[in-house]
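The values are calculated or read from the model by the stated rules, or taken from the named source; none is laboratory data. Predicted model, so just to flag it, every value in this text is computed and none were measured. Every residue, glycine among them, receives a Cβ derived from its backbone with ideal geometry; neighbour counts consider all protein chains shown. Accessible surface areas use protein heavy atoms only, side chains included; no ligands, DNA or RNA. Shrake-Rupley method; radii C 1.70, N 1.55, O 1.52, S 1.80 Å.
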Amino acid sequence: MKVPGIHSFDCTPAEAVRLQERLRQRVVTGGDPGTIRRIAGVDASYEKGENVIYAVVVVLSFPDLAIVERVWTRQETDFPYIPGLLTFREGPALVEAFEDVESDPDVVLFDGQGIAHPRALGIASHMGVILDRPTIGVAKKLLTGTAADPAERRGATSPIVRDGVTIGMAVRTKDRVRPVYVSVGHKIGLEAAVGIVLAADRGYRLPEPTRQAHLYANEVRRTGGRSRESLQTTLMQE
DNA sequence: GCGACAG
DNA sequence: ATCTTGTCGC
């Protein structure tokens with residue numbers, strides 16, 4: 001994929017906050033991707049004590065959700081994990097991974113927040129602006145705002161509210177299992193985002209794109225991308 | 001000042 | 001995110 005370099009990630013935490021406040025104005029919080037044929041999931045994994053990050057992008061067909069492409073990258077990071085500044089830690093590696101993606105995903109799911117963020121620019125929104133394509137944030141925990149617990153049945157929802165404004169939706173993707181927190185990333189509305197997350201879920205807490213990305217990220221970290229399953233992708237990158 | 005705090 | 005086995009419950 002062509003990823004137009006919008007800005008540099010080389011900055012201090014204070015500069016990062018200012019950049020977020022500027023970029024938030026470029027986020028489009030409405031719309032609908034239309035017919036979806038390809039949906040991608042993104043995730044990152046780390047080497048325990050070192051500053052090494054493995055970032056992956058997994059593209060699946062939709063609505064059948066069969067894996068059609070998997071890309072991974074290994075990169076060193078300097079930026080520490082700071083709540084609210086996750087993109088500055090994982091962004092560089094993610095951009096590198098996306099540059100190797102050959103498919104053309106209609107929407108991308110991220111492991112983290114979209115606009116349900118202190119400055120309305122979680123990793124899904126930020127990357128959405130960088131990639132200029134529809135994105136959705138699917139987080140396992142809230143960063144800001146509050147939400148009542150959704151009914152226990154799969155499909156139940158409850159709005160994530162902050163200052164009286166709905167910034168996302170707690171979504172029960174599996175009966176009696178903790179909900180995931182969905183928020184608009186870029187170029188999509190909340191209703192469409194929730195519908196896509198549920199349509200991309202196959203009975204696990206996490207929707208397939210994100211779940212597969214998580215599994216793959218751990219696989220390449222533990223095997224150095226040399227496992228049998230990823231041999232083909234590995235050879236293509238070498 | 002104190003507590004909270006995506007991955 | 002990562003370090004880690006079995007175990008209780010649907």
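At most 16 other Cβ atoms within 10 Å and a DSSP loop assignment: could you name the GluC sites (Glu not before Pro) in region A:50-125 that fit? It would help to have the intermediate numbers written out before the result.
Details: sites: A:Glu50, A:Glu69, A:Glu76, A:Glu90, A:Glu96, A:Glu99, A:Glu102; in loops: A:Glu50, A:Glu102.
Those satisfying the criteria are A:Glu50, A:Glu102.
What's the longest uninterrupted piece of chain A once you rule out the chymotrypsin sites (Phe, Trp or Tyr not before Pro) that are loop residues per DSSP with at most 13 other Cβ within 10 Å? Provide the component values of the computation, followed by the final result.
Numbers: sites that count: A:Tyr81, A:Tyr204.
With chymotrypsin sites (Phe, Trp or Tyr not before Pro) excluded where exposed in loops, chain A gives A:82-203 as its longest stretch.
Expressed as a rounded percentage, what relative contact order does chain A have, with Cα pairs under 8 Å and six or more residues apart? Mind dumping the intermediate values first?
Numbers: 553 pairs, mean separation 51.2, N = 238.
It comes to 22 percent, rounded to a whole number.
Convert each backbone phi in region A:185-198 into a coupling constant with the Karplus relation 6.51 cos²θ - 1.76 cosθ + 1.60 (shift: θ = phi - 60°), then list the ³J(HN,Hα) values in order as whole Hz, x for Gly and Pro.
x, 7, 6, 7, x, 5, 4, 5, 4, 5, x, 5, 4, 5
Solvent-accessible area per residue for chain A at a 1.4 Å probe radius, Å²? Working shown, then result.
Numbers: 11020 Å² over 238 residues.
Dividing the accessible area of chain A by its residue count gives 46 Å².
Counting other Cβ atoms within 10 Å, keep those with at most 15, restrict to DSSP loop, and tell me which trypsin sites (Lys or Arg not before Pro) in region A:45-146 are left.
Working: sites: A:Lys48, A:Arg70, A:Arg74, A:Arg89, A:Arg119, A:Lys140, A:Lys141; in loops: A:Lys48, A:Arg119, A:Lys140, A:Lys141.
Sparse-neighbourhood loop trypsin sites (Lys or Arg not before Pro): A:Lys48, A:Lys140, A:Lys141.
Between A:Glu96 and A:Tyr81, what is the label-point separation in nm under the 7 Å Cα-to-beta-carbon projection?
The modelled label-to-label distance comes out at 1.9 nm.
Among the lysines, which have Cα under 25 Å from the Cα of A:Lys48 when same-chain residues fewer than 8 positions away are ignored?
Hits, sequence-local ones excluded: A:Lys140, A:Lys141.
Between A:Arg154 and A:Ser61, what FRET efficiency follows from the Cβ-Cβ distance if R0 is 25 Å, with the result rounded to 0.05?
About 0.65, to the nearest 0.05.
Between A:Asp175 and A:Asp10, what FRET efficiency follows from the Cβ-Cβ distance if R0 is 30 Å, with the result rounded to 0.05?
Values: r = 45 Å, r/R0 = 1.52.
The formula returns an efficiency of 0.10 here.
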